[in-house]
1. Find the residue count for region 44-63, including only residues that are without any contact (Cβ under 8 Å) to a residue 24 or more places away in the chain and either in a loop (DSSP other than H, G, I, E, B) or more than 28 Å from T90 (Cβ to Cβ) (or both).
2. Would you confirm, using the coordinates I've provided, whether L108 is open to solvent by 80 Å² or more (accessible area, probe 1.4 Å) and part of a strand (DSSP E or B)?
3. Looking at region 67-82 only, could you name the residues that are open to solvent by 50 Å² or more (accessible area, probe 1.4 Å) and farther than 17 Å from R27 by Cα?
4. G99 - would you say it is under 11 Å from G35 (Cβ atoms) and surrounded by fewer than 12 Cβ atoms within 10 Å (Cβ to Cβ)?
5. Among the numbered criteria (1) open to solvent by 60 Å² or more (accessible area, probe 1.4 Å); (2) modelled with pLDDT of 95 or more; (3) of a type outside the set (F, W, Y), which one does P41 miss?
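The values are calculated or read from the model by the stated rules, or taken from the named source; none is laboratory data. Nothing here was measured: the structure is a model prediction, and the numbers come from that model. Every residue, glycine among them, receives a Cβ derived from its backbone with ideal geometry; neighbour counts consider all protein chains shown. Each accessible area value is taken on the protein alone, full model and side chains, heavy atoms only, with ligands, DNA and RNA left out. Shrake-Rupley method; radii C 1.70, N 1.55, O 1.52, S 1.80 Å.
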Amino acid sequence: QVQLVESGGGSVQPGGSLKLSCAAPERIFNDYDMGWARQAPGKMREMVATISRHNMPSYADPVKGRFTISRDSAKSTVFLQMTDMRPEDTALYYCNALGSGVWGRGTLVTVPS
């Protein structure tokens, strides 16, 4: 079964930084654009950052200027560097191969208020 495996979640103080990683099977990594989505308690899942197979990033307005998505082809891994973090960034963060229907199980990020 195809699996995306996220790691790097945890608790960070407001203003702090955290870096998430998503390890993907090589076939999935090479064939799909990749993205990070998040789901906060009581809210719908929202895509916050995507990166194309040609390394073109795109960001949702709430994270623009604070989050950076990148991909490492040698490791078939996608990263999400999060800086200047805020309590509203608290959520379960999921990795997704866009359009494939393949998701990871999520990693929890908590920013206390």
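1. 7
2. In short, yes.
3. If the condition is that a residue be open to solvent by 50 Å² or more (accessible area, probe 1.4 Å) and farther than 17 Å from R27 by Cα, then T68, Q81 are the ones that fit.
4. In short, yes.
5. Tallying (1) open to solvent by 60 Å² or more (accessible area, probe 1.4 Å); (2) modelled with pLDDT of 95 or more; (3) of a type outside the set (F, W, Y), P41 fails exactly one: (2).
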